[in-house]
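The values are calculated or read from the model by the stated rules, or taken from the named source; none is laboratory data. It should be emphasised that the depicted structure is a prediction, and the values quoted were computed from it without experimental measurement. As a convention, Cβ positions derive from the backbone with ideal geometry for all residues, glycine included, and neighbour counts pool all protein chains shown. Accessible surface areas use protein heavy atoms only, side chains included; no ligands, DNA or RNA. Shrake-Rupley method; radii C 1.70, N 1.55, O 1.52, S 1.80 Å.
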Amino acid sequence: MSEILNQIPGPLLQWYDSRARVLPWRSQPTPYRVWVSEIMLQQTRVEAALPYFDRFMAVLPDIAALAQAPETQLLKLWEGLGYYSRVRNLQKAARQVMEQWGGMLPQKLEDLMALPGIGEYSAGAIASIAYGQRVPAVDGNVLRVVSRLLASRENVMDPKVKRQLRQQVWDIIPAQRPGDFNQSLMELGALVCLPNGKPLCSGCPLENLCLGNRLAIAQELPVKPPKKARRVVPRTVFVLCSQGRLLLHRRPSRGLLASLWEFPGQDGHLSLEQAAETLAQAGIQVSSIASLGEHTHIFSHVEWPMVCYQVECLPFPAAEDYVWCTPQQLQEQYALPSAFRPFAQWLRLTP
């Protein structure tokens with residue numbers, strides 16, 4: 001199979017030179033910009049990440065600024081991207097870089113991987129794209145492309161198979177343009193060798209080399225084990241309003257959405273009558289209560305089908321881990337996870 005892979009750098013780089021998307025971290029591939037972009041793109045489409053990246057760079061233009069940023073500012077900049085542990089690890093790594101590396105990201109793969117939140121793939125991307133090192137950056141796109149090229153039916157989630165595919169990519173990385181080559185493989189997977197659907201083989205520069213295309217099995221690849229069913233946790237959410245302010249609750253410091261702000265709520269679906277009774281039992285004097293709507297938010301391992309009630313109530317002191325805020329403060333200061341943003345948008349509290 002190596003004879004197939006040995007032939008791909010030339011046509012792939014030629015295609016990349018003419019078809020690659022113009023992206024800000026490619027136009028200015030500094031180590032910091034490449035690092036932040038790779039962390040953002042781990043669970044986010046490029047189109048969705050672009051405004052976040054531009055805003056992040058405008059506010060925190062370098063590692064020193066990231067290391068010193070208050071957590072509230074950091075989480076607000078990340079609001080809507082999800083996986084908030086990633087931005088927390090970004091800051092932990094930035095502080096470590098300031099202490100151990102004089103504010104410059106290290107160049108070696110093993111040194112990069114020693115930083116919080118930087119795994120094998122991200123380290124390879126930074127080292128090859130920003131520093132020109134001949135190391136692989138194998139993500140899901142690359143695993144899919146190589147599996148189809150080789151018509152491999154091996155399980156790409158198997159660590160042994162992953163290591164083999166990564167080594168095969170490493171063997172063919174050209175010495176002159178390692179970063180561009182890694183990006184060309186990723187770009188091919190993102191634009192042509194598509195996941196969850198029919199690949200656009202007629203527009204692929206590797207069409208004539210691809211065994212998966214030749215055998216008409218490309219769409220069946222790569223092979224992955226079936227995903228585990230997500231746990232479904234119904235929830236009831238309360239948007240409590242009093243004298244132009246809203247009640248927010250800070251979630252526990254561990255677990256899902258750790259330490260982030262949310263609208264108060266509880267597990268289980270409550271009817272309007274049950275919701276009113278629950279609030280009364282909590283000592284909240286309700287002036288009015290109405291259904292605000294329903295929304296289901298899907299995390300990687302759990303699903304929240306939520307019902308939400310808008311509640312006008314008499315003011316009461318905020319307990320520990322609760323805060324009353326104005327709509328403007330919600331927009332400017334408090335990071336509201338994507339799970340709850342539809343409710344705020346329906347109330348026109350956030351853009």
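Quick notes
- Where only DSSP H runs of four or more residues are counted, the chain gives -12000 deg cm²/dmol as its mean residue ellipticity at 222 nm, each run worth -39500 (n - 2.57).
- Normalised by residue count, the chain yields a Cα convex hull volume of 152 Å³ per residue.
- Of all accessible heavy-atom area on segment 237-294, the percent that carbon and sulfur account for (1.4 Å): 46
- Shape of segment 112-192, Cα gyration tensor, a/c cut at 1.5: oblate
- Theoretical FRET efficiency, 1/(1+(r/R0)^6), r = Cβ-Cβ of GLU207 and GLU99, R0 56 Å, to 0.05: 0.65
- Residues listed by number, segment 35-60, amide nitrogen under 18 Å from GLU332 label point at 7 Å toward C-beta: 59
- The orientation-averaged projection of the convex hull spanning the C-alpha atoms of segment 228-281 amounts to 5.2 square nanometres.
- Fraction of the pair-distance distribution of segment 265-339 above 13 Å, Cα-Cα pairs, percent: 75
- q = 0.11, 0.12 Å⁻¹, segment 64-183: log10 I(q)/I(0) [Debye, one scatterer per Cα]: -0.46, -0.54
- In terms of its alpha-carbon gyration tensor, segment 138-269 comes out prolate; a/c meets the 1.5 threshold, and the first ratio a/b outweighs b/c.
- Normalised by 2.2 N^0.38 Å, where N is the number of residues, the alpha-carbon radius of gyration of segment 1-85 equals 1.39.
- Annotation: per residue accessible area for the chain equals 49 Å², rounded to a whole number [probe 1.4 Å, protein chains only].
- Rounded to the nearest 20, the Cβ-based charge dipole of the chain about its Cα centre (Lys and Arg +1, Asp and Glu -1) stands at 640 debye.
- Of the whole protein surface, HIS295 contributes about 40 Å² of accessible area at a 1.4 Å probe radius.
- Given their separation in residues at 0.36 nm each and the Cα-Cα distance between them, ALA282 and VAL232 gain 15.4 nm when the chain is fully extended.
- Modelled spin labels at ALA319 and ALA64, positioned 7 Å past Cα toward Cβ, are 4.5 nm from each other.
- Measuring only protein heavy atoms, the 1.4 Å probe finds ARG177 accessible over about 70 Å².
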